[in-house]
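Novice: Have a look at this one before I ask anything.
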Amino acid sequence: MLTGYYVYTEASSPRKRGDIAALITPLLVRKGPFGCIRFWYHMWGSGMGQLQVQINKVILWKKTGNQGNSWKEAAIPFQLHKLYYRVSSIYVL
């Protein structure tokens, strides 16, 4: 059984096209040149927008539209060239 936390963002009314929800980490210090961001997401319905994961404002991963009525796991490997970095998860309706 998996445990953890989740964030819920409503994609239907009263939301409208162009609305944005963002989760942004504080500035993090690199502990090595490589990393991996792992999370689960659920994007079901005709009103789904786009979910992005960024590091230092560079898009590493994105999904758009209906992805089906099930939780899906994402694992995003990355390489860092800077000592400090910030991870952002952006949802655009």
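Novice: Leaving out ligands and nucleic acids, note down the accessible area per residue over the chain with a 1.4 angstrom probe, in whole Å².
Specialist: Per-residue accessible area for the chain comes out at 75 Å².
Novice: Would you work out what percent of the accessible area of segment 1-55, with all protein chains in place, is carbon or sulfur (probe 1.4 Å)?
Specialist: Roughly 60 percent, rounded to a whole number.
Novice: What percent does the relative contact order of the chain come to when contacts are Cα pairs within less than 8 Å and at least six residues apart?
Specialist: Contact order relative to length: 42 percent.
Novice: May I ask for the percentage of alpha-carbon pairs in segment 28-77 that lie more than 14 Å from each other?
Specialist: Value for segment 28-77 (Cα pairs over 14 Å): 58 percent.
Novice: If you scale each eigenvalue of the Cα gyration tensor by 5 and take the root, what three semi-axes come out for the chain, rounded to whole angstrom and sorted largest first?
Specialist: 26, 15, 11
Novice: Through the Karplus equation 6.51 cos²θ - 1.76 cosθ + 1.60, θ set to phi - 60°, convert the phi angles of segment 54-69 into ³J(HN,Hα) values in whole Hz; use x for Gly and Pro.
Specialist: Using θ = phi - 60°, the values come out as 10, 10, 6, 6, 9, 6, 9, 7, 7, 10, 10, x, 5, 10, x, 8 Hz.
Novice: Follow-up question, since we're still on this one. So the label point goes 7 Å from the Cα of residue 57 along Cα→C-beta, right? Which residues of segment 22-36 then have their backbone N under 20 Å from it?
Specialist: Under 20 Å, as judged by backbone N against the label point of residue 57, lie 22-30 of segment 22-36.
Novice: Continuing with this model, one more query. Which ³J(HN,Hα) values in Hz, rounded to whole numbers, follow from the phi angles of segment 33-50 under the Karplus curve 6.51 cos²θ - 1.76 cosθ + 1.60, where θ = phi - 60° and Gly and Pro get x?
Specialist: Result, ordered by residue: x, 10, x, 8, 9, 10, 7, 10, 9, 9, 10, 10, x, 6, x, 5, x, 10 Hz.
Novice: If you don't mind, there's one more thing I want to ask. Under a Cβ-Cβ cut-off of 12 Å, what is the net charge of the residues other than residue 89 that fall near it, where Lys and Arg count +1 and Asp and Glu count -1?
Specialist: It works out to a net charge of +3.
Novice: How long are the semi-axes of the ellipsoid equivalent to segment 53-93, from square roots of 5 times the Cα gyration tensor eigenvalues, in whole Å, largest first?
Specialist: They are 24, 12, 7 Å, listed largest first.
Novice: Next question, about the same structure. Go ahead and set up a Gaussian network model of the chain, Cα springs under 10 Å, then flag whichever of 77, 26, 14 fluctuates most.
Specialist: Sorting by GNM fluctuation, first place goes to 14.
The values are calculated or read from the model by the stated rules, or taken from the named source; none is laboratory data. This is a predicted model, so every value here is computed, not measured. A quick note on method: Cβ atoms are made from the backbone with ideal geometry, for glycine too, and the neighbour counts reach across all protein chains shown. Heavy atoms of the whole protein, side chains included, go into the accessibility calculation; ligands, DNA and RNA do not. Shrake-Rupley method; radii C 1.70, N 1.55, O 1.52, S 1.80 Å.
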